[in-house]
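S.K.: Take a look at the following structure, please.
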Amino acid sequence: SMKAFLGTGLLGSNFVKAMLRRAEEVQVWNRTASKAQALESDGASAFDKPAEAVKGADIIHLTLKDDATVNEVLEAASSGFSPGAVIIDHTTTSVEGAIERTAYWKDKGFCYLHAPVFMGPPNALEGSGSMLVSGDQAVISKLQPELEKMTGKVLNFGPEEGRAAGIKLIGNLFLISLKAGLSDALGLAK
């Protein structure tokens with residue numbers, strides 16, 4: 001089955017490389033076209049427009065910048081969506097954005113799952129790290145096999161939409177304050 005990946009920065013491109021190593025077919029798009037085209041040597045098909053990249057794909061993965069970018073790219077891609085396509089968004093976004101998008105795309109007949117990640121590019125390549133999900137448990141259990149291929153752990157935070165987004169944001173704040181605290185401590189130690 002065909003997959004699409006929108007957003008092939010460091011994280012996205014390594015997710016794509018890992019998919020290609022599993023002999024999956026992947027169509028890619030990135031705002032900076034050269035980043036998507038670079039994946040053709042690994043076996044991906046690169047497209048100039050999001051709507052072209054999603055044509056024929058059952059599952060559409062995203063790793064983009066923020067809420068506004070996700071909304072803009074999904075809107076641009078939507079004319080190419082196959083009926084019943086599944087959207088799995090790994091972008092770090094707001095809780096409200098995740099909740100709104102889930103409802104918005106459901107109304108249009110598509111399944112949207114927000115699945116943010118705690119991982120760097122090396123994790124994406126080797127399928128380690130953590131992926132966070134919450135929301136409709138039937139949707140999550142259906143997509144679990146797809147998610148498990150991509151990550152070391154799938155952390156399910158229950159039926160509340162947007163909970164995964166909130167945990168991810170809290171985690172980022174914790175990691176940022178931890179880093180800041182460590183550099184202060186190291187500075188003092190010197």
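S.K.: Could you grab the pairs with beta carbons closer than 7 Å, sequence gap of 6+ or different chains, first residue in the stretch 44-60 and in a loop (DSSP other than H, G, I, E, B), second one open to solvent by 60 Å² or more (accessible area, probe 1.4 Å)?
M.R.: Close Cβ pairs (under 7 Å, with a partner that is open to solvent by 60 Å² or more (accessible area, probe 1.4 Å)) amount to 58/1.
S.K.: For the stretch 147-155, state whether one or more residues are crowded, with 16+ Cβ neighbours inside 10 Å and touching a residue at least 40 places away in the same chain (Cβ under 8 Å).
M.R.: yes
S.K.: Which of the residues that make up the stretch 25-39 are more than 25 Å from residue 151 (Cβ to Cβ) and surrounded by fewer than 16 Cβ atoms within 10 Å (Cβ to Cβ)?
M.R.: 32, 33, 34
S.K.: Output the number of the condition that residue 75 fails; it satisfies all remaining conditions of (1) in contact with a Leu (Cβ under 6 Å, 6 or more places away or on another chain); (2) without any contact (Cβ under 8 Å) to a residue 24 or more places away in the chain.
M.R.: (1)
S.K.: Residue 98 versus (1) surrounded by fewer than 23 Cβ atoms within 10 Å (Cβ to Cβ); (2) modelled with pLDDT of 95 or more; (3) of a type in the set (Gly, Ala, Ser); (4) more than 27 Å from residue 37 (Cβ to Cβ): which is the lone unmet condition?
M.R.: Tallying (1) surrounded by fewer than 23 Cβ atoms within 10 Å (Cβ to Cβ); (2) modelled with pLDDT of 95 or more; (3) of a type in the set (Gly, Ala, Ser); (4) more than 27 Å from residue 37 (Cβ to Cβ), residue 98 fails exactly one: (1).
S.K.: Does the stretch 172-180 contain any residue that is surrounded by 14 or more Cβ atoms within 10 Å (Cβ to Cβ) and in contact (Cβ under 8 Å) with a residue 12 or more places away in the chain? Talk me through it step by step, then tell me what you get.
M.R.: Applying the first criterion (surrounded by 14 or more Cβ atoms within 10 Å (Cβ to Cβ)) to the stretch 172-180 yields none.
No, the stretch 172-180 contains no residue that is surrounded by 14 or more Cβ atoms within 10 Å (Cβ to Cβ) and in contact (Cβ under 8 Å) with a residue 12 or more places away in the chain.
S.K.: Within the stretch 49-61, take every residue that is open to solvent by less than 20 Å² (accessible area, probe 1.4 Å) and either of a type outside the set (Val, Ile, Thr) or touching a Gly at 6+ places or on another chain (Cβ under 9 Å) (or both) and give me the one that is farthest from residue 7 (Cα to Cα).
M.R.: Residues of the stretch 49-61 that are open to solvent by less than 20 Å² (accessible area, probe 1.4 Å), as a first pass: 50-51, 53-54, 57, 60-61.
Now restrict to residues that are either of a type outside the set (Val, Ile, Thr) or touching a Gly at 6+ places or on another chain (Cβ under 9 Å) (or both): 50-51, 53-54, 57, 61.
On the way: 50: 10, 51: 13, 53: 11, 54: 12, 57: 15, 61: 8 Å.
Among those that are open to solvent by less than 20 Å² (accessible area, probe 1.4 Å) and either of a type outside the set (Val, Ile, Thr) or touching a Gly at 6+ places or on another chain (Cβ under 9 Å) (or both), it is 57.
S.K.: Please go through (1) assigned to a helix (DSSP H, G or I); (2) buried (at least 18 other Cβ atoms within 10 Å of the Cβ) for residue 142 and return the number of the only condition it doesn't satisfy.
M.R.: Evaluating residue 142 over (1) assigned to a helix (DSSP H, G or I); (2) buried (at least 18 other Cβ atoms within 10 Å of the Cβ) leaves (2) as the failure.
S.K.: Return the residue satisfying two criteria in turn: it lies in the stretch 101-129 and is open to solvent by 40 Å² or more (accessible area, probe 1.4 Å) and touching a Gly at 6+ places or on another chain (Cβ under 8 Å), and of such residues it is farthest from residue 63 (Cα to Cα).
M.R.: In the first step, residues of the stretch 101-129 are kept if they are open to solvent by 40 Å² or more (accessible area, probe 1.4 Å); the result is 103-104, 106-109, 118, 121-123, 125-126.
Those still in the list that are touching a Gly at 6+ places or on another chain (Cβ under 8 Å) too: 109, 118, 123.
Numbers: 109: 22, 118: 13, 123: 14 Å.
Among those residues, the one meeting the criterion is 109.
S.K.: What number of residues in the stretch 1-10 are surrounded by fewer than 21 Cβ atoms within 10 Å (Cβ to Cβ) and in contact with a strand residue (DSSP E or B) (Cβ under 9 Å, 6 or more places away or on another chain)?
M.R.: So in the stretch 1-10, the residues surrounded by fewer than 21 Cβ atoms within 10 Å (Cβ to Cβ) come out as 1-2, 9-10.
From what is left, the residues that are in contact with a strand residue (DSSP E or B) (Cβ under 9 Å, 6 or more places away or on another chain) are 1-2.
So the answer is 2.
S.K.: If residue 16 meets every condition in (1) touching a Phe, Trp or Tyr at 6+ places or on another chain (Cβ under 6 Å); (2) β-branched (Val, Ile, Thr); (3) open to solvent by 20 Å² or more (accessible area, probe 1.4 Å) apart from one, which number is that one?
M.R.: Failed condition: (3).
S.K.: Among the listed residues 74, 132, 64, identify the single one that is in contact with a Gly (Cβ under 7 Å, 6 or more places away or on another chain) and either part of a strand (DSSP E or B) or surrounded by 22 or more Cβ atoms within 10 Å (Cβ to Cβ) (or both).
M.R.: Numbers: 74 fails: in contact with a Gly (Cβ under 7 Å, 6 or more places away or on another chain); 132 fails: in contact with a Gly (Cβ under 7 Å, 6 or more places away or on another chain).
Of 74, 132, 64, the one residue that is in contact with a Gly (Cβ under 7 Å, 6 or more places away or on another chain) and either part of a strand (DSSP E or B) or surrounded by 22 or more Cβ atoms within 10 Å (Cβ to Cβ) (or both) is 64.
S.K.: Does at least one position in the stretch 90-112 carry a residue that is under 16 Å from residue 4 (Cβ atoms), among the aliphatic types (A, V, I, L, M) and touching a Leu at 6+ places or on another chain (Cβ under 8 Å)?
M.R.: First pass over the stretch 90-112, keeping only residues under 16 Å from residue 4 (Cβ atoms): 90-91, 105, 110-112.
Those left that are additionally among the aliphatic types (A, V, I, L, M): none.
There is no residue in the stretch 90-112 that is under 16 Å from residue 4 (Cβ atoms), among the aliphatic types (A, V, I, L, M) and touching a Leu at 6+ places or on another chain (Cβ under 8 Å).
S.K.: Another question, if that's okay. Just to be sure I understand, how many residues within the stretch 81-95 are open to solvent by 10 Å² or more (accessible area, probe 1.4 Å) and over 13 Å from residue 59 (Cβ atoms)?
M.R.: Summing the residues that are open to solvent by 10 Å² or more (accessible area, probe 1.4 Å) and over 13 Å from residue 59 (Cβ atoms) in the stretch 81-95 gives 4.
The values are calculated or read from the model by the stated rules, or taken from the named source; none is laboratory data. Given the structure is predicted, the values throughout are model-derived calculations rather than measurements. Counting neighbours? That spans all protein chains shown, and the Cβs are built from the backbone with ideal geometry, glycine included. For the accessible areas, the whole protein counts, side chains as well, though only heavy atoms, and no ligand, DNA or RNA atoms are used. Shrake-Rupley method; radii C 1.70, N 1.55, O 1.52, S 1.80 Å.
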